[in-house]
Every structure is written in C-alpha cells, then in structure tokens.
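**Student:** What follows is a structure written as structure tokens; I'll ask about it next.
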Protein chains: 4
Amino acid sequence: MIRLGNDYGCGALPQVMDSLLALNKKGLAGYGLDEVTEKARATILKLAQLNAGNVFFLTGGTQTNIVALDWLLRPGEGVLCSAEAHINVHEAGAIEACTHKVIALDGSGGKISADSVRKYAERFYADPTWPHIVAPGAVYITQPTETGALYSLAEIRDFRGVCDEFDMRLYVDGARLIYALGSPENDISLPDLGLLTDAFYIGGTKCGTLFGEALVIPGRRSPREEQRIFSLIKRHGALLAKGWSVAAQFESLMADSLYLSVGRSAVERALRLRHLLENGGVRAAWLSPTNQQFFCLPTAILDNLARQLAFDLWGAPGDDWSVIRLVTDWNTSDDDIEEAAGIILSKY
Amino acid sequence: MIRLGNDYGCGALPQVMDSLLALNKKGLAGYGLDEVTEKARATILKLAQLNAGNVFFLTGGTQTNIVALDWLLRPGEGVLCSAEAHINVHEAGAIEACTHKVIALDGSGGKISADSVRKYAERFYADPTWPHIVAPGAVYITQPTETGALYSLAEIRDFRGVCDEFDMRLYVDGARLIYALGSPENDISLPDLGLLTDAFYIGGTKCGTLFGEALVIPGRRSPREEQRIFSLIKRHGALLAKGWSVAAQFESLMADSLYLSVGRSAVERALRLRHLLENGGVRAAWLSPTNQQFFCLPTAILDNLARQLAFDLWGAPGDDWSVIRLVTDWNTSDDDIEEAAGIILSKY
Amino acid sequence: MIRLGNDYGCGALPQVMDSLLALNKKGLAGYGLDEVTEKARATILKLAQLNAGNVFFLTGGTQTNIVALDWLLRPGEGVLCSAEAHINVHEAGAIEACTHKVIALDGSGGKISADSVRKYAERFYADPTWPHIVAPGAVYITQPTETGALYSLAEIRDFRGVCDEFDMRLYVDGARLIYALGSPENDISLPDLGLLTDAFYIGGTKCGTLFGEALVIPGRRSPREEQRIFSLIKRHGALLAKGWSVAAQFESLMADSLYLSVGRSAVERALRLRHLLENGGVRAAWLSPTNQQFFCLPTAILDNLARQLAFDLWGAPGDDWSVIRLVTDWNTSDDDIEEAAGIILSKY
Amino acid sequence: MIRLGNDYGCGALPQVMDSLLALNKKGLAGYGLDEVTEKARATILKLAQLNAGNVFFLTGGTQTNIVALDWLLRPGEGVLCSAEAHINVHEAGAIEACTHKVIALDGSGGKISADSVRKYAERFYADPTWPHIVAPGAVYITQPTETGALYSLAEIRDFRGVCDEFDMRLYVDGARLIYALGSPENDISLPDLGLLTDAFYIGGTKCGTLFGEALVIPGRRSPREEQRIFSLIKRHGALLAKGWSVAAQFESLMADSLYLSVGRSAVERALRLRHLLENGGVRAAWLSPTNQQFFCLPTAILDNLARQLAFDLWGAPGDDWSVIRLVTDWNTSDDDIEEAAGIILSKY
C-alpha cells in the first residue's frame, strides 16, 4: 500500500525524534521557559530576520489559529478569508467559539484578493451611522492554500497595504508553509513574512514533526503585552507543561536547513507525480505548485485503486468522474511516486 | 400599602412621560442618529464638562455593564470588583458570557480599595513567566454601592492612579448615581467622573425614567473606534431602533437639573426615615448616606409588617432578627415616610 | 415630507401609549413578575392556542434572536439561515458573540428551503469520523423575509420535518410578523407557529409599540428549565426591571385584535401603493405581498425625490437605475399613499 | 542538583517513548480514528469497568477541562469548585473563555463538600423568580487536590447524590490521578469514577507520558451526541492530527499496570521523604498522602538550599518561615529522596 492520502499520517523525521530522546531525562523548566525553547525561538527569529519578535510553540493548526486570531482581533471584529479557508470550513467553529465572525469572501483556488478585502472594508466604513455589519479586523490567508495554490510576494504586499489603510491585521496560516518554501514557483521568504504580517505560523505537524506549530509574532511589544499573549495561550489550553518538547522538534527541523530539503524534496516528488500522470493521459484538476496534487479520475476505478493506494477523495463534480488528492510529505520516497503513478496508470 | 421595597416599581416622572408623548408621531431617524439623541448627548457631555466624548443611551444596567466592559477589556483580561458587586452576584454571569472573568476582591460595604487592586496587579506582573492567573484589565466600582455606601473623590483618584500604573481601565456603574449626587456626604461630581474614569453610566431606570441608562465615554477617539463601539452595542442587542425614546427621557431628566432635585429629595426622605426609626429605637444595620436604608427588625414581626408596607428582606443574619431594606425614589412622598415609620414603630 | 423609509420611525399606537400611562404610578413587581405581564402572556398563549408555553417580553429584535438562539443551540452548534438573514448580515455578529456560527445557505428572496437544510445536515452526519464542519443545531427563518417574501404553511411543515429528522430546532424571527398576518397571501397563523416551531417572536418595534418583542416558547418544560431561560435573559442584559412596560404594550396590541387591523391596513396600503405606481409605469423590483415594497427608479431622480419623500435606498444594481424600498406601518394613512404615488409619478 | 520542584520537568517513561518510536513510520489514520487509539480506548474502558463510554486523548489539563466543561455545561450555567481549584486560579480564565462562570466555594485543603454544593443549589432554586445568580451546572473536583489531599469514596458518592438531586453533572480533574491511585489512603478506584462521574480524566503529563490526558466519558450516548463531542474537541483546537501519538503513550502506561507501579513508587518516595524530614525535626505544613509534600522551612535557608535542590516555593505565611513543595514523579529515585533529605536537614 502506497500512502499518499495526506501529510500527517506518519510520525516525525528521525532527526526530530532523536531531538526528543536526547532531552528525555534532562529536566527542564516548564511552560516554555527553558533554554531549548529559547534557542529554537532565536533560530526562527534569525531565519525570519527579525530583531524583535516572539515565537510560541503550540500543538496544532486550529489551536494556533485560535490563539493568533483571539489576540489579533478586538471584541466584535470579524476576520476576512476565502470561503474555502480552513477557519471557515474545517475548524468546527473554532473562531466563532472566540466570539468572532468568519467573513467569507469570494475568490478562486482558495485565494482572495486585496481588492475584495478593500471592498468589504470600504462598505463597512462608508457609513459611520451603520453599525449593523461586522467590523473587519483581520485578513486570514493560507500559504499555500487548501488546494495547493500560492500567493505571490506582490499579493502579500497588497494585503499589507489594504490592512494598513483600514487598521486591519494580516495573518498567514502556514500549516504547509514549508512546502510553499520548497516550491519553485514561490517568491515569498520567511523574512518577507516577518516584515509584512502581524503574525504567521510555520507548521510542523504536516512537515516532519510529531506535532507542533511555531507561531511567529514579529515586532517589539511591551513586557505586559507579551505577558498577555502568554496568558491567552494558557487560557486556550495551548500551553504545554513540557513546552520544550515542541521547541526541540522545531530546532531540529529549522536549525540546519532541514526544513528546506524536506520542502523541496516533497514538492519535487509531487511535481514528478503530476508529470508522470499527465504523460499517461491523466488530467490534473488544477495546477498546484506544492505538495498537494489533484487529479481527475473515472469514479468507477476508485474502489479498485484504493486497494493499492491510499488517496483522498476530494469531490465528485462530474457524473462519472471524481477529483482525488495525492499528497507527498517528508516520508515520501521516489519509489512511492513511481509506484503510485504505475498503479494509477494501470487502472486508467 | 406603602411601597418602599425598591426604586424600580413605578413608571416615570411625569415630565419624562410627557417628553415621550410629545415625540410620539414626530418621525425620527432610527438607531440613535436623530436630533433628540444628539441634544441629550450634548446636555450630558456639558454637565460632565467634557469637550470630547460620547454618550450612548441603552436600556438597562446589566446591558450597559456588558457593553462597557466588552469594550474596555481585551480578550483574556478580567475585571476586578467587590465580591458583592452587581456584576459578580446579580447579573447571571453576563460578564463571563463575554468571556471575561469577574475577579472578586475583599472589602466592606460593597467597596474595595485601590490597595487591594494594586496587590492583585502586582501579583500578576511580578512574574512575567507566570501566565496562569487572569490578567487585570479593569476596575469596576459602583457609586453608590449595592448597600448604599459612597466612594470619596480621594478614593476615586486612588483608583485612577493604580489603573494608570498598571494599564487598567476604570469603570463606574452608576445605576443609582443620581442618589449619590443627591447625598450630603457625596463629594464626587459628574465632571469628576468625566475626568477620572474611562467610562461611567448615569442610571435612569431607578431614578425616574421608564427605562434606560446613559453610558458616558469621555475622551476623543478615532471615527473608526467610535464606529466599533456603535457596532459592539448592536452586537449585544442593545441598540434600540427608536433610540430617541431613551434619549428624550434623559434630556427631560438632566437638562433642567430635574435629576438634582430627584436625587436630593429621595435621599432627604431616606435619611428622614432613618431618623424617625432610630428615634423610635430601631437600629440601622449600617449607616447609608443614600436612598437605600437598612434596618434590623425582629423576624417575628415581618409577616405582619408586610401587610401594610412593601419592603425588601435583605437577610437574616441573626436567629430571631432580620435586616430589611427600605428604598426611596422619585415617587416617594413625605407622607409615605411618616406613614412607613409609624407602621414600623407600631409593631416594633 | 411623506415618510415611507422604514417602519420604526414613529413612536407607538395611541392605545399602546395609553396603556403605559395608565400604569405609570401603579407600582408593580419587578422583572416581569407582575400581573400585567401575566395577563399579556396569557393573551398571547391563547392566540397561539398553546395550553403550555411561555412568553418573554424583550426590547429588540437582535436581543430576542440572541436569547432564543443561545437557548436553542448547544455549545458548538451553528444555525442555518439565508445568506441575507438578519442574523447573518445586520446584527454585527450577535450570534457569533454567543460563540455560534451562522451558516449561510443559498436561496432567493431571503428564503431558504427545507431541502438545502437537509443537504447540510446529511453532509454533517454522513461521516461520523469527520468533526471538522459545524454541527447544525437550528434553522432560522424570517416571516416575512427582509425583502418582504412569505413562507407558506407547507414550507414551514417541511422545515419542521427536517428539523425533527436531524434533531434540529426551528426558530422564526417575526420582527414584521404582524404584517405577514395581515397579508392576503399568508396562510400561516399564530397557532401554526405555536404548533410547528421551537420558538418564535412577535415583533412590536416595527408594528406599533414604542419598543419590544414577544418571544414565544411553546411547550411544557421543567421549572428548572424555565428558570434557566429566565437566567439566560438576565445574562444577556435583556431583563427589564419594569418588565410590565413591554407587556402592557403587547396586551394593548394583541388583546382586542388591534394587531390584525394594524397588519391588514398597512399591507393594504402597501399593495395600493404598488398598484398606483405600476399603473403609472413604475416597475416593482419584485412582488412583495407584505408592508415593504421595492421599486426600480432612475437613479437620476432620487435626489430630487428625497426632498419630498423619505424612502430607503436598497441598492443600485444597474448603471442608471436603483431599487428603493417603501414601507408602510401603523402610522401610514391613505393620504400618505396617494401623495407618495403622486410625487414619484410626477418625477418618473 | 536534585529536582523535586514539580512532576512535569522530564520527558516520558522509557516504555512510553518506545511506544512512540515503534509507530513512527507506520502510517495511521488521522484524528484519532486509528487502531492504536481504538486499543487504548478499550484498555481504559476495561480498567474502569465501563461497558459503554468513550475516551478522548487530549494534550493538556487545561485543554481537557475546557473540552469537558464546555460539553457538560449548558449556556449560562456555572461550575462549582474550590476557591483553590485549578480552573479558578491557574487556567488564565479558560472556563470563562467558554462563557461559564467559575463559582468558588469555601473549603479546606483544596476540597469542597457536597453540603456546600447543596447550599448553593438550594439558594438558586429556592426562588424561581430570582434569575440573577448563576445557575449551578456542574461540580468540579480534583483528585488529589492541588495541595495533595484526597477525597474519599463516601465523599464522591455524596457529590453524586447532590448532583442527581439538582440536575448537575460531576467532573473529576485527574491531572495527578495516578498518584491518588498509588496512595495507601486512597479508596477510590477507576471503576468508582466510571460509575459515579459524568466525566473524569486520567492525567499523563505529570505521570509519565511526554504529554497527554485521557478524558473518560462514561455511558452510552447517541451517535449524534458522540459526533458533537468530537466536534467540540476540534473547535477547541484539541484534536491532534496524529491522535495516536497520545493514545500510544496511554496504552503503554495503562495496559500492563505500569501506571500502578508509577503511582505507588512515587507516593512511597514522597512519604519516605516526609518521614525522613519529620524525623529530622522539619514540620510538614499539612499531611498529604500523595506525591506532593509541603514543608515549613526557615526562609533564611532557601537561597542556599536552592543551589542543591530544585523545590517549589509555595508561600511565605510567616514572617521568617516559608512553605515549600517537594514533588516526586516517575523519574524520582530512592537516592534522590535520601539525598534531598540530607541536603535539607544539613541546612535546617
């Protein structure tokens, strides 16, 4: 069985697991106040070229979105995002649980535009006597999107512009950011995110750690504000007693550019898979430059296919054909790709 | 039956009801955007000697506390108050419904001190590595308190000091503020509140209007922040379509110093009642300088007393004696007081 | 100036104001525990042919939606409604402030169908291993809708069916219910709503009271559950100290069928206005059988028109034409209609 | 340096770490839908002698309390607990963030009594016309408490009784449950908790796993209700993509009674430590039968002591003496105990 159904099926990179084992009996300060966390924080701030800022090591993507948006948004403000955004359709109402409306904008490929953000903000502020719609407080985007698309640096700059114009904050969900950084089409770097966003996160769960996400908050704040963020993390149940257990994994992933080779290899293999399948006549549902690939296949062959290949059924837009998702990750081998392509083409 | 059980049993001052009738068929802009509201806002800002600020006309005390504290507090912050505070024990968890912890401090007579506030804030900020207790965001006090006590101007200044020291906001619940202003022992004026608080409200429901409270927010803010407050009011269901119906009542109450005579008369009658009862040997439970008075009576006489006098049973701290509350309001007459005293003393 | 811009511009029906004046100095129990409230409750339950149930008298529509949905929904559940629903676009995030997601379904004329509800519920329950989308907890519909359309009795029965099938609750927002009841095309009665919904409200603010809505909750519950609803009302700041002031208005409106003549007259005048305008060549944007009417007019004439007629600009879908809303209410006269039609046609 | 400052300073038991390594490249279903989770769930249900019920594997104590109480409480209900309870003072307002009031009752040793719970519930339900205080929805207790005390089986049965009487739910926070189970004074078993509570959790973080808590919810519920719990977990950001990573640790800890030997050894060592210190003349601040011990020491020696022994400063109740906490865990050795006692006595 070849497993390409998702990028969170296996544990962690061997180097990452080793980092945990090495610290197992060390005895470290609790709640992320230890030297391991301090080091991993410094590593990430350096990679993002941030002289000031903080990094918090949390356990999952939804949790990180909760913490970030509950801090970024003021009471009553909503967050603008794509209708397909993870916070809108796959987090069981996590942002609403923090009392904030998720405001879905139109777009395509899971992307929205700075223009659609501007239109909403202009409509809200056009009439100061009209308090009935929800105030726009933040823009949420995902890099890459749920369907594998990438924002360009120019687009992120446009978001920054509209956010500055309307006192909004910009937040980037980077659950698969490492696969964006590994894509040949990507032109956004960690320093760009450090410079242009109010917060972003580097996902670990889908990119080689056992679990964990690194929430980066650029800029200098008062000690009291830092303490308030720390307190928000606690009140959302997101503060691990053994905080070093996430930090150590990130130190291992980020310090020696391991993340770059993980990202690049996974994307190369994903693109290789698409190349093989397209050569064999299979149509890509859309062109993703990252580790998720989407293909159109006859619905009739799927049951049979599932016996040899773990894939993700994405949808069945046609009467007799479906879209499947195939995903590479840190644990995918070249052989997996060749074999998967062979299996699909043999049934196509 | 003499009714001294509470100060919200009757409708409104005749002048207040007249103000509603006069506007009934006028046709005015909705949601408080009308000229009547504008005028009442100006009247109150002038009385508080505020060159900048806003006044929002809401319908009840709990609702006003919700709006004010949801605006004043940031996510995760709690509000410090007396253990007997209305928000702690009589609002069915309204502030927690906005996700904020109500943090009860010790005190007496429903009062807390700036010192107890400082102690909590110091404890929170003493250790930046300890995010486990709730961050102090605001101080809530009531003038007068639930048991009739008054804060002095010196005390309010101390609260302002400690709030400034620890980035906290100061909020005064004035459900019975007009009876504080009418007390001979009071030394806090509307301009003092305008100068020293981040927000306070002038209660109407207990002081002569049919319903309604005037939330005063001193200071100049950006138009966007004003719009955000407006939006918060809407999202808490606190925005009346016919907003002028509250504003008109307040204009009637405040414009020609009607509020001062209402406050003074009610307090005079309350103190007269205490004088009469004490002279007759009845012991006051504690000395309140405002419109609520508290007396110790034998529990055995209460059933009988209730046939002629509507009072409020406050508690039964002793085996055979109880504390009752007697309250005067805009509708209490001198005769009511004499008669009530006579009834009580005849049974005592 | 003829005022047809909305149905909340004036105060209250003379009979309603009289009911307030008559009680002004009576002295009644607080918090809706008085005999006036008891009588109004009985009146409404009788009109809805409910042997068991409760009626709560609140102050506004958004507040009523907050109380009803916070009671009807369990933690984490969302409410399904039209994308145009008041709770989705005009309440500043009031339902999200209670931590619930508002889930917008497609539809037309502000209506949704039981089928679209079923599709969502089936999708949620299809895969018990997929907790990522929001659980459907209730259906929210408005009778009539924001754009004047009516649901039929058959449609409401279908909603009841799908709600029963998927353990969902059915809630009807009746901000303008009295104008639905007054429409010749309406076939849903108060007893139908009592029988088929889990809760609904009869709006007063737009239908002849100074303010206030009557939330009807059919059925028998344990005393503890009744107390919990009462407590929820308090915690949302929706419990008026002088609760009788809303109840008295409703008693006046409902007891002698005043509401029926208010509803019928307003709708007759609305339809007469449409008749006059259509005869004069003005096109209705869509056919509303209730008190709100929508017309297509050249954008160029609107500024001039606004000098003589207060209308509501609904939108500008074309390059040079706009849709305006004209609304009748309890205070609209036959002369207003003839005059308004004359003004519009003179400029058309 | 001997480390007895807390029980979350080290990683995990070797067997627990091995269980993670063994599965690292296996490839398992996401979100706890895998066979490892299924097995661990079965193991725990069997230990608690539950024929029906569910076990959810979460990452931390505060998170588990959030999920459990957000499910157990209905909107507006509060949770009764000790003033010293973790949810009241050490979770940064996590329960209030779910809109629920934490209602602190008096008690001693971090314990409350069924009587104090009954008094609150009786006060709430005494007057159905008084919706102003918060409705009691659940009782939260900790076994053992924050200060090491144990509830007895008789006490838990009393809580069950009062909860049944007033429609309340009973929840037990078992962050250190394994050390209660290992105490010679304990008479409450896992089956007792399964029988008597509505939910409880078995803590891993402080008892030998790298992280993780097992939330046990006894009883049979509809599939829809199970799905709703699952959804609540997701919306609180508590659903790990690699859910098996917690389950595997618990399987390792619980399956072969490893937890019993961990609990017993740690408590034996804690009691041995107390024995040694008391013999040397050091006074215990109070007598804890579990893994946390509290001693009175001269404040003057603490700085010096801290150079050789990591302890937790619990408080400074006297002018010149303090209370320190010493904690054993799975990683404490007999030598640690002897050495720690020697160090303390040498300075005493």
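The values are calculated or read from the model by the stated rules, or taken from the named source; none is laboratory data. Every value quoted in this text rests on a predicted model; they were computed, and no experiment measured them. Heads up, the Cβs are rebuilt from the backbone with ideal geometry, glycines too, and the neighbour counts pull from every protein chain shown. These accessible areas exclude ligands, DNA and RNA; they are computed on the full protein's heavy atoms, side chains included. Shrake-Rupley method; radii C 1.70, N 1.55, O 1.52, S 1.80 Å.
**Student:** Restrict the check to region D:241-253 and report whether at least one residue is closer than 22 Å to A:VAL89 by Cβ, among the aliphatic types (A, V, I, L, M) and at pLDDT 95 or above. Don't jump to the end; show me each part of the working.
**Tutor:** We begin by selecting, within region D:241-253, every residue closer than 22 Å to A:VAL89 by Cβ; these are D:241-243.
So of that shortlist, the ones also among the aliphatic types (A, V, I, L, M) come out as D:241.
The next check asks that each one be at pLDDT 95 or above; those that pass are D:241.
Yes, the conditions are met somewhere in region D:241-253.
**Student:** Among the numbered criteria (1) part of a loop (DSSP other than H, G, I, E, B); (2) closer than 17 Å to A:TYR201 by Cα; (3) not aliphatic (A, V, I, L, M), which single criterion is violated by A:GLU185?
**Tutor:** Every condition holds for A:GLU185 apart from (2).
**Student:** Something else: Return the only residue of D:LEU271, D:LEU313, D:LEU305, D:LEU276 being open to solvent by 10 Å² or more (accessible area, probe 1.4 Å) and more than 25 Å from the chain's Cα centre (by Cα). Even if it seems obvious, please write down each step before you answer.
**Tutor:** Values: D:LEU271 fails: more than 25 Å from the chain's Cα centre (by Cα); D:LEU313 fails: more than 25 Å from the chain's Cα centre (by Cα); D:LEU305 fails: open to solvent by 10 Å² or more (accessible area, probe 1.4 Å).
Exactly one of D:LEU271, D:LEU313, D:LEU305, D:LEU276 is open to solvent by 10 Å² or more (accessible area, probe 1.4 Å) and more than 25 Å from the chain's Cα centre (by Cα), namely D:LEU276.
**Student:** Now, a different point. Residue check, C:GLY5 against (1) more than 10 Å from chain B (Cβ to nearest Cβ); (2) open to solvent by 10 Å² or more (accessible area, probe 1.4 Å); (3) outside any helix (DSSP H, G or I), all met but one. Which one?
**Tutor:** For C:GLY5, the exception is condition (1).
Conditions tested, residue by residue: (1) within 14 Å of chain D (Cβ to nearest Cβ); (2) buried (at least 24 other Cβ atoms within 10 Å of the Cβ); (3) free of Cβ contacts under 8 Å to residues at least 12 places away in the same chain; (4) acidic (Asp, Glu).
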site	(1), (2), (3), (4)
A:LEU195	no, no, no, no
A:ALA199	no, yes, no, no
A:ILE202	no, yes, no, no
A:CYS207	yes, yes, no, no
A:GLY212	yes, yes, no, no
A:ILE229	yes, no, no, no
A:HIS236	yes, yes, no, no
A:ALA241	yes, no, no, no
A:LEU253	no, yes, no, no
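**Student:** Right, next: Take the residues in region D:12-25 that are more than 20 Å from A:GLY60 (Cβ to Cβ) and within 7 Å of another protein chain (Cβ to nearest Cβ); name whichever of them is modelled with the lowest pLDDT.
**Tutor:** Within region D:12-25, the subset more than 20 Å from A:GLY60 (Cβ to Cβ) is D:13-19, D:21-22, D:25.
Filter once more, keeping what is within 7 Å of another protein chain (Cβ to nearest Cβ): D:17, D:21, D:25.
On the way: D:MET17: 97, D:LEU21: 96, D:LYS25: 89.
Only one residue fits best here, namely D:LYS25.
**Student:** If I filter region C:321-328 for residues that are without any contact (Cβ under 8 Å) to a residue 12 or more places away in the chain and open to solvent by 40 Å² or more (accessible area, probe 1.4 Å), do I get at least one hit?
**Tutor:** Initial filter on region C:321-328 (without any contact (Cβ under 8 Å) to a residue 12 or more places away in the chain): none.
Checked against the condition, which is being without any contact (Cβ under 8 Å) to a residue 12 or more places away in the chain and open to solvent by 40 Å² or more (accessible area, probe 1.4 Å), region C:321-328 yields no hits at all.
**Student:** If I ask for residues that are more than 11 Å from every other protein chain (Cβ to nearest Cβ) and charged (D, E, K, R), which ones from region D:26-41 would you list? Break it down into steps so the answer makes sense when it comes.
**Tutor:** Our first condition is that a residue be more than 11 Å from every other protein chain (Cβ to nearest Cβ); within region D:26-41, this holds for D:35-41.
Passing the criteria: D:GLU35, D:GLU38, D:LYS39, D:ARG41.
**Student:** Continuing with the same structure: Can you go through B:ALA48, B:ALA85, B:ALA92, B:ALA52 and tell me which one is over 30 Å from C:ASN6 (Cα atoms), aliphatic (A, V, I, L, M) and touching a His at 6+ places or on another chain (Cβ under 7 Å)?
**Tutor:** On the way: B:ALA48 fails: touching a His at 6+ places or on another chain (Cβ under 7 Å); B:ALA85 fails: touching a His at 6+ places or on another chain (Cβ under 7 Å); B:ALA52 fails: touching a His at 6+ places or on another chain (Cβ under 7 Å).
Only one candidate qualifies: B:ALA92.
**Student:** Residue by residue through region D:155-169, note down the ones that are in a helix (DSSP H, G or I), open to solvent by less than 40 Å² (accessible area, probe 1.4 Å) and either within 13 Å of chain C (Cβ to nearest Cβ) or of a type in the set (Gly, Ala, Ser) (or both). Even if it seems obvious, please write down each step before you answer.
**Tutor:** Step one: list which residues in region D:155-169 are in a helix (DSSP H, G or I), which gives D:155-165.
Pick out the ones that are also open to solvent by less than 40 Å² (accessible area, probe 1.4 Å) and you get D:156, D:159-163.
Result: D:GLY161, single match.
**Student:** Then there's this: Looking only at region D:288-307, which residues are hydrophobic (A, V, I, L, M, F, W, C) and touching a helix residue (DSSP H, G or I) at 6+ places or on another chain (Cβ under 8 Å)? Can you show your working first?
**Tutor:** Going residue by residue through region D:288-307, those that are hydrophobic (A, V, I, L, M, F, W, C) are D:294-297, D:300-302, D:305-306.
The answer is D:PHE295, D:LEU297, D:ILE301, D:LEU305.
**Student:** Within region B:42-154, considering only helices (runs of 4 or more DSSP H) that don't extend past its boundaries, which have at least 1 residues that are touching a residue at least 60 places away in the same chain (Cβ under 8 Å) and within 13 Å of another protein chain (Cβ to nearest Cβ)? Outline the logic, then answer.
**Tutor:** On the way: elements: B:61-72, B:86-89, B:114-126.
Ranges flagged: B:61-72, B:86-89.
**Student:** Could you please find all residues in region A:13-49 being open to solvent by less than 30 Å² (accessible area, probe 1.4 Å) and aliphatic (A, V, I, L, M)?
**Tutor:** Of everything in region A:13-49, those that are open to solvent by less than 30 Å² (accessible area, probe 1.4 Å) and aliphatic (A, V, I, L, M) turn out to be A:LEU13, A:VAL16, A:MET17, A:LEU20, A:LEU23, A:LEU28, A:VAL36, A:ALA40, A:ILE44, A:LEU45, A:ALA48.
**Student:** Can I ask one more? Please determine whether any residue of region A:104-126 is under 29 Å from A:SER252 (Cα atoms) and under 20 Å from the mean Cα position of the chain (by Cα).
**Tutor:** Filtering region A:104-126 down to residues under 29 Å from A:SER252 (Cα atoms) leaves none.
Scanning region A:104-126 turns up no residue that is under 29 Å from A:SER252 (Cα atoms) and under 20 Å from the mean Cα position of the chain (by Cα).
**Student:** Taking the condition surrounded by fewer than 22 Cβ atoms within 10 Å (Cβ to Cβ), more than 30 Å from C:ALA255 (Cα to Cα) and modelled with pLDDT of 95 or more, does C:GLU185 pass? Even if it seems obvious, please write down each step before you answer.
**Tutor:** On the way: surrounded by fewer than 22 Cβ atoms within 10 Å (Cβ to Cβ): yes; more than 30 Å from C:ALA255 (Cα to Cα): no; modelled with pLDDT of 95 or more: yes.
In short, no.
**Student:** Quick check on my filter: what residues within region C:214-227 are charged (D, E, K, R) and surrounded by 21 or more Cβ atoms within 10 Å (Cβ to Cβ)? Break it down stepwise before answering.
**Tutor:** Keep residues of region C:214-227 that are charged (D, E, K, R), which gives C:220-221, C:224-226.
None; the set is empty.
**Student:** Let me ask another. Looking only at region A:50-63, count how many residues are within 25 Å of B:ASP127 (Cα to Cα), crowded, with 19+ Cβ neighbours inside 10 Å and not polar (S, T, N, Q).
**Tutor:** Final tally of qualifying residues: 4.
**Student:** Mind checking which residues of region A:337-348 are open to solvent by less than 40 Å² (accessible area, probe 1.4 Å) and within 29 Å of the chain's Cα centre (by Cα)?
**Tutor:** Across region A:337-348, the qualifying residues are A:ILE337, A:ALA340, A:ALA341, A:ILE344.
**Student:** Taking the conditions exactly as written (farther than 24 Å from A:THR290 by Cβ and either of a type outside the set (Phe, Trp, Tyr) or open to solvent by 10 Å² or more (accessible area, probe 1.4 Å) (or both)), does A:LEU72 satisfy them or not? Let's see the steps before the verdict.
**Tutor:** Numbers: farther than 24 Å from A:THR290 by Cβ: yes; either of a type outside the set (Phe, Trp, Tyr) or open to solvent by 10 Å² or more (accessible area, probe 1.4 Å) (or both): yes.
Criteria met by A:LEU72.
**Student:** So B:GLN143 fits all but one of (1) out of contact with any Leu (no Cβ under 8 Å at 6 or more places or on another chain); (2) more than 27 Å from B:LEU20 (Cα to Cα); (3) open to solvent by less than 10 Å² (accessible area, probe 1.4 Å); what number is the exception?
**Tutor:** (1)
**Student:** Collect the residues in region D:118-133 that are open to solvent by 80 Å² or more (accessible area, probe 1.4 Å) and closer than 12 Å to C:LYS234 by Cβ, keeping them in residue-number order.
**Tutor:** The answer is D:TRP130, and nothing else.
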